[in-house]
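Engineer: Let me begin by handing over the structure; questions about it come next.
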Amino acid sequence: MALVSDRFIEVEDTKGAETSSVKIRYTEIIGDSQGPALFVLAGLHGDELTGVEVIKQLKSYFSKNITAGKVTLVPVANPIAFAARQRQTIHDNKDLNRCFPGDPEGTITDKIAYEITEKIVKKSDYGIDMHTGPNGRILLPHTRMVLDETKKVKELSKLFGTMISWIREPVEGALAIESKAFKVPTIAVEIGEGNKLDNFFVKSGIFGVTNIAKYLGLLDGRACVLKDQYIMNERNNIIANSTGIFYPKTDIGKIVNKGDLLAEIYDTQNNVTEKILADRAGLVLAMQTSSVAVSGTTIISTLSLGACGINTVSLVRKKCMIYHTRNPKDLLLNMWA
Ligand SMILES: [Zn+2]
């Protein structure tokens, strides 16, 4: 049986004569035999809930089923931001995912980053950092990587099971970027929408984390991967030209061709309907969820099919089941049938 312990990281904040503290709860699950250490973290941004729920559901499953190594679960990395239902820490208005590796002499957010680095990241061999889209924008589940990504992060990305990985510039202070300095390969993933829970996205997070745990040998069973994970880097934001009721005519994950109808906006002031057409071929990455479109704002984002590569990393550590499907929903159905 795995050894399960709930612990807290306590971070003190001193402002003048006043001292307050924040407690970050985490769970360590240690298997019977030797193996790598994996951390799974959510809630760096206080309004991103999918990963919090993924970890809640995984805690009981992992407590019974982890056979080797160690899993550290951190459901809410920034409890101050979580309680305020917002991205940043309200005390100093800093974004925790721009403060790594942290500073023990800094403000409260720097201190939280420092403690997480020392007590969680540096004691792990691999990491998963779960995020969602912002409030009001739904994202196709995907992983984030940088150009010339390390082989181990590419492995984690492919194992997480999303159809796409989106290339970004290295962001200073982001956990998945800064953990490279400690040789702890960490994958950042985006699943769902801010301030909301949706079962499909929760399931895709559970799938991704358990798949990585199987591959690393922490759980019994074979990892399942899609034959191809697409690496995309050219994002096109589609902007509304009018303000009115928003009628989406496509969905995240759909492939669209130039000229396809993406959405209609009924302009209530002028009593006309704007048709939004795709100006190039692409994959629908993100859509606003509000039913009101506002002129000048992004309503839909696509990733260009022209700038698309394939994650060619070979998963050599353990045999994997390969699914020859291009639809991530098929993969999930296979896994959770
Ligand atoms: Zn985030």
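Engineer: Would you be able to tell me the number of residues in segment 134-171 that are touching a Gly at 6+ places or on another chain (Cβ under 6 Å) and either among the aliphatic types (A, V, I, L, M) or within 16 Å of the ligand (Cβ to nearest atom) (or both)?
Structural biologist: Number of matching residues: 5.
Engineer: If the requirement is being farther than 29 Å from E10 by Cα, assigned by TED's automatic domain parsing to the domain that holds S21 and at pLDDT 95 or above, which of these qualifies: R137, R87, R98, R144?
Structural biologist: So the residue among R137, R87, R98, R144 that is farther than 29 Å from E10 by Cα, assigned by TED's automatic domain parsing to the domain that holds S21 and at pLDDT 95 or above is R144.
Engineer: Among (1) more than 15 Å from the ligand (Cβ to nearest atom); (2) crowded, with 20+ Cβ neighbours inside 10 Å, there is one condition A68 misses while meeting the rest; what is its number?
Structural biologist: Failing condition for A68: (2).
Engineer: Another question about this same structure. Among the candidates K111, K94, which residue alone is over 20 Å from the mean Cα position of the chain (by Cα) and either more than 15 Å from the ligand (Cβ to nearest atom) or more than 23 Å from V209 (Cα to Cα) (or both)?
Structural biologist: Step by step, each of K111, K94 is checked, and only K111 is over 20 Å from the mean Cα position of the chain (by Cα) and either more than 15 Å from the ligand (Cβ to nearest atom) or more than 23 Å from V209 (Cα to Cα) (or both).
Engineer: Restricting the search to segment 9-39, which residues are within 16 Å of I55 (Cα to Cα) and open to solvent by 80 Å² or more (accessible area, probe 1.4 Å)?
Structural biologist: R25
Engineer: Does segment 131-138 contain at least one residue that is in a helix (DSSP H, G or I) and out of contact with any Cys (no Cβ under 8 Å at 6 or more places or on another chain)?
Structural biologist: no
Engineer: Let me ask you something else. Among what's in segment 183-198 and is over 9 Å from L49 (Cα atoms) and open to solvent by 50 Å² or more (accessible area, probe 1.4 Å), pick the residue that is farthest from the ligand (Cβ to nearest atom).
Structural biologist: Ranking the candidates gives K183 first.
The values are calculated or read from the model by the stated rules, or taken from the named source; none is laboratory data. Just so we're clear, the structure is a prediction, and the values are computed from it rather than from any experiment. So basically every Cβ, Gly included, is an ideal-geometry build from the backbone, and we count neighbours across all protein chains shown. Each accessible area value is taken on the protein alone, full model and side chains, heavy atoms only, with ligands, DNA and RNA left out. Shrake-Rupley method; radii C 1.70, N 1.55, O 1.52, S 1.80 Å.
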